Amino acid sequence: MNKPVCVIIGVGPGNGTAFANRFAKEGYQLALLSRSESFIKKLADELGNAKAYECDVSNMDSINKTFDKIQHDLGEIDVVVYNAGSGSWGNIEEINPAEFENSWKVNTLGLMVVSQRVIPIMKKKGRGQIIIIGATASKRGNVKTAAFAPAKAAQRSLAESMSRYLWPLGIHVALIIIDGIIDIPNTRKRMPEKQDDFFVKPDDVANTVFWLTQQPRSTWSFEVEVRPFIENW
């Protein structure tokens, strides 16, 4: 029997790696996507049942070429985890139009193009999962998120629109709002004074992502907020 196919977009040393490990453990065939192939190639080799694809989700041609390759190599896609979410930081006077536009392209336009590639496949099967990794910036703008917050807000709005259209077709669209700092070596280095409970654990986020893909249709979730108990909200 063919293994189900999971595409993980935005694979780095934190959440992306945790997602890959979780779905590999569950027997999925993985497509690992990142702007740079060096990290994901090594991870794919370690996992065994995975392939690495260099892809820039701010570029429509890059997305289309990559998904052509994935479908050729692995077959029909069952799950997409959209973890691409880079942004520029600064107040309204500090950011420039190019940074603002690129943040929107990565977070929102990329999600739209990726979704349009997989929806016909999922509609044909009558099932599928599109899980989007969001941020609390989608709900509030702060001083230094003048570019990031509008991009994440647009992403959340698109995800909600998608869910209303696609749920009746058997395609579960869900958004995870992460409120906190991800526990990776770089953040630990920047915040050596913070205790362990301060950080969001990538493996725990991965468990939540996988849980969403297993929900029965009568109780699908659209938006799930995850944060450490110590986070001030």
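The values are calculated or read from the model by the stated rules, or taken from the named source; none is laboratory data. These numbers come from a predicted model, not from an experiment. Counting neighbours? That spans all protein chains shown, and the Cβs are built from the backbone with ideal geometry, glycine included.
Only one residue in Ala149, Ala98, Ala135 is in contact with a helix residue (DSSP H, G or I) (Cβ under 7 Å, 6 or more places away or on another chain) and over 28 Å from Gln214 (Cβ atoms). Which one?
Details: Ala98 fails: in contact with a helix residue (DSSP H, G or I) (Cβ under 7 Å, 6 or more places away or on another chain); Ala135 fails: over 28 Å from Gln214 (Cβ atoms).
Residue meeting the stated conditions: Ala149.
Scanning the range 1-59 for residues that are aromatic (Phe, Trp, Tyr) and not in a helix (DSSP H, G or I), which turns out surrounded by the fewest Cβ atoms within 10 Å (Cβ to Cβ)?
Here is the first cut: in the range 1-59, the ones aromatic (Phe, Trp, Tyr) are 19, 23, 28, 39, 53.
Within this subset, residues satisfying the condition of being not in a helix (DSSP H, G or I) are 28, 53.
On the way: Tyr28: 24, Tyr53: 22.
My answer is Tyr53.
Filter the range 188-204 down to the residues that are under 23 Å from the mean Cα position of the chain (by Cα) and more than 26 Å from Glu26 (Cα to Cα), then identify the one that is surrounded by the most Cβ atoms within 10 Å (Cβ to Cβ). Break it down into steps so the answer makes sense when it comes.
Start the filter on the range 188-204 by keeping residues that are under 23 Å from the mean Cα position of the chain (by Cα), which leaves 188, 198-204.
Still in the list and also more than 26 Å from Glu26 (Cα to Cα): 188, 198.
Working: Arg188: 13, Phe198: 15.
Residue satisfying both the conditions and the ranking: Phe198.
crowded, with 19+ Cβ neighbours inside 10 Å and part of a strand (DSSP E or B): is that true of Ile95 in this structure?
Numbers: crowded, with 19+ Cβ neighbours inside 10 Å: yes; part of a strand (DSSP E or B): no.
When the stated conditions are applied, Ile95 does not pass them.
Give all pairs with beta carbons closer than 7 Å in which a residue from the range 119-140 that is farther than 12 Å from Val173 by Cβ meets a residue that is surrounded by fewer than 14 Cβ atoms within 10 Å (Cβ to Cβ); count only pairs at least 6 apart in sequence or on separate chains.
The qualifying pairs are Lys123/Leu169; Gly126/Gly170; Arg127/Gly170.
Go through the range 154-192 and give me each residue that's in a strand (DSSP E or B) and under 18 Å from Thr17 (Cβ atoms).
To start, the set of residues in the range 154-192 that are in a strand (DSSP E or B) comprises 171-178, 181-182.
Answer for the range 154-192, where residues must be in a strand (DSSP E or B) and under 18 Å from Thr17 (Cβ atoms): Ile176, Ile178, Ile181, Ile182.
For the range 126-150, how many residues meet the condition of being more than 18 Å from Phe67 (Cα to Cα) and either of a type outside the set (A, V, I, L, M, F, W, C) or within 14 Å of the chain's Cα centre (by Cα) (or both)?
Our first condition is that a residue be more than 18 Å from Phe67 (Cα to Cα); within the range 126-150, this holds for 126-127, 133-150.
Remaining after also requiring either of a type outside the set (A, V, I, L, M, F, W, C) or within 14 Å of the chain's Cα centre (by Cα) (or both): 126-127, 133-136, 138-142, 144-145, 150.
Going through the range 126-150 one residue at a time, the tally reaches 14.
Which of the residues spanning the range 120-145 are surrounded by fewer than 21 Cβ atoms within 10 Å (Cβ to Cβ), closer than 24 Å to Asn15 by Cα and of a type outside the set (S, T, N, Q)? Let's see the steps before the verdict.
Of the range 120-145, the ones surrounded by fewer than 21 Cβ atoms within 10 Å (Cβ to Cβ) are 120-121, 123-127, 136, 139-144.
Retained after the next criterion (residues that are closer than 24 Å to Asn15 by Cα): 136, 139-142, 144.
Hits for the range 120-145 are Lys139, Arg140, Gly141, Lys144.
Is there a residue being out of contact with any strand residue (DSSP E or B) (no Cβ under 8 Å at 6 or more places or on another chain) and under 23 Å from Val205 (Cα atoms) anywhere in the range 80-96?
Narrowing the range 80-96 to residues out of contact with any strand residue (DSSP E or B) (no Cβ under 8 Å at 6 or more places or on another chain): 86, 88, 90-96.
Next cut, under 23 Å from Val205 (Cα atoms) only: 86.
Yes: one or more hits.
Filter the range 150-199 down to the residues that are closer than 22 Å to Val226 by Cα and touching a Lys or Arg at 6+ places or on another chain (Cβ under 7 Å), then identify the one that is modelled with the highest pLDDT.
Leu175
If I ask for residues that are at positive phi and of a type in the set (Lys, Arg), which ones from the range 22-72 would you list?
If we filter the range 22-72 for residues that are at positive phi, which is where we start, we get 27, 48.
Selection gives nothing.
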